[in-house]
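A quick write-up on the structure given underneath.
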Amino acid sequence: MAKAKVVLTDYVWESLDVEKKLLDGLAELVPLKTKTPDEFIAEAADCDALLNTYAGPITAAVMGRMPKCRIIARYGIGVDTIDLDAATQAGIIVTNNPTYCIDEVAEHTMALVLACARKVALYDRLVRAGRWEVPPGKPMFRVSGRTLGLVGFGNIARAVAVRAHAFGMRVLFADPFVREGQFQAPGTKVELAQLLNEADFVSLHPPLTKETRKMMNDDTLSRMKRSAFLVNCSRGPVVDTDALVRALDAKALAGCALDTTDPEPLPDPHPLRGRDSVIVTPHVAWYSEQALVGLQAGAPSEVRRVLTGEWPLNVVNRAVKGKNRAGL
């Protein structure tokens, strides 16, 4: 029996030993380092499965050129670069990896909250430049007793809530899909407008959808306290970057801390670079050595399941069950 063909569109880790071990004897792995479908489609045209990190978008047209593809397995959590409706229509199973970095992103979110509160990045830059003084960071307020507003209350946001509560913070959340008291995590459900009005730190955790794209815009940013900070460890396009720059220019916000941006990476120069009130990290919230193990094993494990006739664990387009190319 001929081996299946599995194309890996792109990856950012040093070794493919995990993928090779999981697919050994079952499939031929074709690793690529591409950024767009135009770069990988020639190799993927006859693939049985597609492993995907960042390269995209994977549209209906792209899927139409992969007539044998049974599964598109994303290494990460978000699937906004994949047309899920088109995949379902084509009978292609789409999976993600929703749990590999919950602790890491929650920890990074709290690190950014604390860095904003204690002006860590600013003081570090001042000391490196030979200055040793307190006034440039004023005013500063203790975190205990301040209000953290979580936009979205999924796995990561709830992990943030637990950590923030341990610091003595009041936690609010806004999520139309979560009921008050549905989960054990600390937090009071409020409408988004109230959250923006009351929070000292607004931390973004929604998936990127049509509804959430640029949800932080001129209107919503204007509802935040002038003393508040915006934190984003979700998806860059959730924030209207131009609106954020305008808010910072007008001093309508105290500042922001961003692990994801739109565009990404930020070009140099860019209005968000070089500001004392802005912290930017290079989309690294997901990373730890432990998370990398879970990340790298997740997607090829899902491919292995499909190729051996099993239903995957983390299917995003569940309507494809019973009418997919894999016959599952």
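Across the range 213-242, which residue is nearest to ALA254 (Cα to Cα) among those that are part of a loop (DSSP other than H, G, I, E, B) and polar (S, T, N, Q)?
Within the range 213-242, the match that is nearest to ALA254 (Cα to Cα) is SER227.
Search the range 123-147 for residues that are of a type in the set (A, V, I, L, M) and pair each with any residue that is open to solvent by 80 Å² or more (accessible area, probe 1.4 Å) and in a loop (DSSP other than H, G, I, E, B) when their beta-carbon atoms are under 6 Å apart and the residues are at least 6 apart or on different chains.
What qualifies is VAL143/PHE167.
May I ask you to say which residue of TYR11, TYR75 is modelled with pLDDT of 95 or more, hydroxyl-bearing (Ser, Thr, Tyr) and either open to solvent by 40 Å² or more (accessible area, probe 1.4 Å) or more than 25 Å from GLU264 (Cβ to Cβ) (or both)?
Working: TYR75 fails: either open to solvent by 40 Å² or more (accessible area, probe 1.4 Å) or more than 25 Å from GLU264 (Cβ to Cβ) (or both).
Of TYR11, TYR75, the one residue that is modelled with pLDDT of 95 or more, hydroxyl-bearing (Ser, Thr, Tyr) and either open to solvent by 40 Å² or more (accessible area, probe 1.4 Å) or more than 25 Å from GLU264 (Cβ to Cβ) (or both) is TYR11.
Can you tell me which residue in the range 240-252 is surrounded by the most Cβ atoms within 10 Å (Cβ to Cβ), limited to those that are among the aliphatic types (A, V, I, L, M) and out of contact with any Lys or Arg (no Cβ under 7 Å at 6 or more places or on another chain)? Can you show your working first?
Taking the range 240-252 first, the residues among the aliphatic types (A, V, I, L, M) are 243-245, 247-248, 250, 252.
Filter again for out of contact with any Lys or Arg (no Cβ under 7 Å at 6 or more places or on another chain), leaving 243-245, 247, 250.
Working: ALA243: 17, LEU244: 25, VAL245: 15, ALA247: 22, ALA250: 11.
Among them, the one singled out is LEU244.
Quick grid of which residues meet (1) assigned to a loop (DSSP other than H, G, I, E, B); (2) among the hydroxyl-bearing types (Ser, Thr, Tyr); (3) open to solvent by 10 Å² or more (accessible area, probe 1.4 Å):
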site	(1), (2), (3)
MET140	yes, no, yes
GLY145	yes, no, yes
PHE153	yes, no, no
ALA157	no, no, no
VAL162	no, no, yes
GLY168	yes, no, yes
VAL178	yes, no, yes
GLY181	yes, no, yes
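Working only within the range 1-51, note down all residues that are under 14 Å from ILE72 (Cα atoms) and in contact with a Pro (Cβ under 7 Å, 6 or more places away or on another chain).
Within the range 1-51, LEU8, LEU51 meet the criteria.
How many of the residues in the range 299-328 are assigned to a loop (DSSP other than H, G, I, E, B) and in contact with a helix residue (DSSP H, G or I) (Cβ under 9 Å, 6 or more places away or on another chain)? Explain how you work it out, then say what you get.
Step one: filter the range 299-328 for residues assigned to a loop (DSSP other than H, G, I, E, B), giving 308-314, 316-317, 321-328.
In the following step, the residues that additionally are in contact with a helix residue (DSSP H, G or I) (Cβ under 9 Å, 6 or more places away or on another chain) were identified as 310-314, 316-317, 323-326, 328.
Adding up the residues that qualify gives 12.
The values are calculated or read from the model by the stated rules, or taken from the named source; none is laboratory data. Predicted model, so just to flag it, every value in this text is computed and none were measured. Please note: Cβ atoms are built from the backbone with ideal geometry, for glycine as well, and neighbour counts cover all protein chains shown. Heavy atoms of the whole protein, side chains included, go into the accessibility calculation; ligands, DNA and RNA do not. Shrake-Rupley method; radii C 1.70, N 1.55, O 1.52, S 1.80 Å.
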